[in-house]
Amino acid sequence: MLVIEDDPRLGRQLQRLLTADRHVVEIGLRRALGATRAHIGGQFLAEAALLAGIGGILGLAVGVAIAAAYAGPQGWTLVVPLVALAGGPAGAMAIGAVAGMYPALRASSTPPTEALRAG
């Protein structure tokens, strides 16, 4: 677990793989009902990007709050660049999408019969 704590990208990748493994029955059922590999892969990619984007927004909010708490007593004016406001969550979403690519491919390539039998 120490390695995961040192590299958050590895932690996100592991989390996505575990999510794919936990949804094996759902994936099998969706595939059996007609969902294509693109639908399953798109679902996992969208979920990864959304979760990472939420994390980026929360991280930005915490960072601004800490900076404001420090700048206030110092008498400094807090300036947050617009690039940071947009770039932080956008960068987090991009990293989340990249980290979710392998689990999405793995989930979408699971045959429906194998996925239903695993559940």
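Here, each number is a calculation from the coordinates, and none is a lab measurement. Please read all numbers here as calculations on a predicted model, not as lab measurements. Neighbour counts are summed over all protein chains in view; Cβ atoms, including those assigned to glycine, are modelled from backbone coordinates with ideal geometry.
Residues in region 86-97 carry Karplus couplings, in order, of 8, x, x, x, 5, x, 5, 5, 5, 5, x, 5 Hz; the curve used is 6.51 cos²θ - 1.76 cosθ + 1.60 with θ = phi - 60°, and Gly or Pro positions show x.
Per-residue extension of 0.36 nm, minus the Cα-Cα distance of Val62 and Leu50, leaves a gain of 2.5 nm for this segment. From most to least packed by mean Cβ count within 10 Å, the peptides 55-67, 105-117 give 105-117, 55-67.
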